[in-house]
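The values are calculated or read from the model by the stated rules, or taken from the named source; none is laboratory data. Here the structure is a predicted model, which means the values were calculated and not measured. Here the Cβ is made from the backbone with ideal geometry for all residues, glycine too, and neighbour counts use every protein chain on show. When the accessible area is computed, the model is the full protein with side chains, heavy atoms only, and any ligands, DNA or RNA have been set aside. Shrake-Rupley method; radii C 1.70, N 1.55, O 1.52, S 1.80 Å.
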Amino acid sequence: MNIVVRTYSGRTVVRPDTTWKRLSEDLFLPDSVRKLSYTPVLFAHISRAGRAVGRHFAGRYYDSFNYGILLYPEDWIDGSPEGFAAASCLNHTSMLSEPLRPMEELGGQLEIHLDHQPDYSVQGHSRGLIEQALCEATQILFVRRGDLVAIELAPRKLFWDRDMHKGPFSIQATYAAETLLDFQIIPE
């Protein structure tokens, strides 16, 4: 299982399944991570394998969705291709909520709070956003049943710095007034 990510800038990258943190558990950061950024994502579950999926048929390739956030160790992103690749592989940094939701529920309001302060809010996404990302991704890679396609909804935002935040830092996400994520970042 892979997490196919359409970045906010429109590129397609893949995160390994080891980055997926399925439960809203605390994240213990290794000493090598000094700064963290995040971006909210809408993601869909791939229910059918495919390559070069046409827009007209894209709706047949996914069956459910949810929201989450992707974390990036920002200090690892040094401008080199290796830096972004390494930042995309850090374990437990794809906070993607379960259970998945039926497509009929798409369109509610997503809210993200950082240390109990509102930081991001958006309402009303459509299937078209998922289908566009799926079509673009399958032009360059093969998606398998069980993969996830995640669409970044905003540019990465630096929100945590080890030098400024000595203790735990909390993140909460809600969708349609229901808690999706509620965890703490705990520096080791």
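Annotations for the structure displayed:
- Heavy-atom accessible surface of the stretch 1-72: percent carbon and sulfur, 1.4 Å: 47 percent
- Carbon and sulfur %, accessible surface of the stretch 91-143 computed with the full protein complex present, 1.4 Å: 49 percent
- Residue-averaged [θ]222 nm for the chain, counting only DSSP H segments that reach four residues, each worth -39500 (n - 2.57): -2500 deg cm²/dmol
- Full-stretch length increase - Gln132, Gln117 - with 0.36 nm per residue and alpha-carbon distance subtracted: 2.2 nm
- Net charge contributed by nearby residues that have their C-beta within less than 14 Å of Arg48 (K/R +1, D/E -1): +1
- Length gained on full extension, Ala49 to Thr179: 43.7 nm, using 0.36 nm per residue less the C-alpha separation.
- Relative contact order computed over the chain (Cα-Cα under 8 Å; 6+ residues apart), in percent: 35 percent
- The Glu25 and His56 beta-carbon pair, evaluated with R₀ = 30 Å, returns a calculated FRET efficiency of approximately 0.15.
- Computed across the chain, the Kirkwood radius stands at 16.7 Å (inverse of mean 1/r, all Cα pairs).
- The stretch 11-156: antiparallel DSSP beta bridges as a percent of all, rounded to 5: 95 percent
- What the Cβ-Cβ distance of Asp78 and Ala154 gives, at R0 = 22 Å and to the nearest 0.05, is a FRET efficiency of 0.50.
- Between 0 and 90°, nearest 10: helix 127-137 axis offset from the chain longest Cα axis: 90 degrees
- Once you reduce the stretch 35-57 and the stretch 144-188 to the center of their Cα atoms, the two points are 18 Å from each other.
- Simple Cβ-charge dipole of the chain, Lys/Arg +1 and Asp/Glu -1, about Cα centre, in debye nearest 20: 800 debye
- Taken per residue, the accessible surface of the chain reaches 47 Å², heavy atoms only and a 1.4 Å probe.
- Where Trp160, Trp20, Trp76 fall by accessible area, highest first, once all protein chains stay in place (1.4 Å): Trp76, Trp20, Trp160
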